[in-house]
Amino acid sequence: MRYADGGGLTAQARARRERVRLQAADLFAQGATDAEVAAEFRISRMSANRWRRTWQAGGRQALMSKGPGGEVCKLSGAQLEDLQNALGKGPATYGWDEDQRWTLARIAELIRERFGVSYTVSGVCYLLHRLGWSWQAPTRRAVERNEEAIAAWRDEDWLEGKAQRRAWTPGSASRTRPVKA
């Protein structure tokens, strides 16, 4: 599941993994080795060993799921929607006229000013991925670029300046032995 779709494991997937760990605990209680548990549940021996140590330290309760991982989002659903709308308007709307790019630092500043919530740069990166945004390489084009003028130049003037291609003649790939005609 993608983070933009809710992220991480679903409740059903967490419950299924928890059932597997608890079944492994039952096998450990019966005296099964790490290799036997790993083969039974098709997991690595390292995972089986980690489960065994957890089970020995805290019993079956230690192998129970602790719920979804990760930090709880500091913004509400309405604030996240408002943030997406604000990002869609572009950085010039909020005073960054020098270039038309959102940076993580700018977004962190926007969140701090709009919602009074402080995010680190890496926290903004995680937040944007959770919202379905991704890093984009900017195209290096001038704001004043005129696409119609470029297309007209390409169709009319550029072809006149290009030299005609030579007619085909037999040649050689070798630089040391030119072909004899």
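The values are calculated or read from the model by the stated rules, or taken from the named source; none is laboratory data. Note that the coordinates shown come from a computational prediction; the quantities given were computed from them, not determined experimentally. Neighbour counts run over all protein chains shown; Cβ positions are idealised from the backbone, glycine included. Accessible surface areas use protein heavy atoms only, side chains included; no ligands, DNA or RNA. Shrake-Rupley method; radii C 1.70, N 1.55, O 1.52, S 1.80 Å.
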Only one of A39, A15, A32, A25 that is part of a loop (DSSP other than H, G, I, E, B), at pLDDT 85 or above and hydrophobic (A, V, I, L, M, F, W, C) | A32
Name the single residue, out of those in region 121-153 being open to solvent by less than 90 Å² (accessible area, probe 1.4 Å) and part of a loop (DSSP other than H, G, I, E, B), that is farthest from A86 (Cα to Cα).
-> N146
So how many residues does region 53-112 have that are basic (K, R), within 30 Å of D34 (Cα to Cα) and part of a loop (DSSP other than H, G, I, E, B)?
-> 1
Looking only at region 75-112, which residues are under 30 Å from E144 (Cβ atoms) and among the charged types (D, E, K, R)?
-> K89, D97, E98, D99, R101, R106, E109
Which is open to solvent by 40 Å² or more (accessible area, probe 1.4 Å) and on the phi > 0 side of the Ramachandran plot, of G31, G59?
-> G31
Is it true that some residue in region 98-116 is open to solvent by 50 Å² or more (accessible area, probe 1.4 Å), aromatic (F, W, Y) and either touching a His at 6+ places or on another chain (Cβ under 7 Å) or under 22 Å from A15 (Cα atoms) (or both)?
-> no
Name the residues in region 26-50 that are touching a residue at least 24 places away in the same chain (Cβ under 8 Å) and either under 19 Å from G67 (Cβ atoms) or under 34 Å from the mean Cα position of the chain (by Cα) (or both), would you?
-> A48
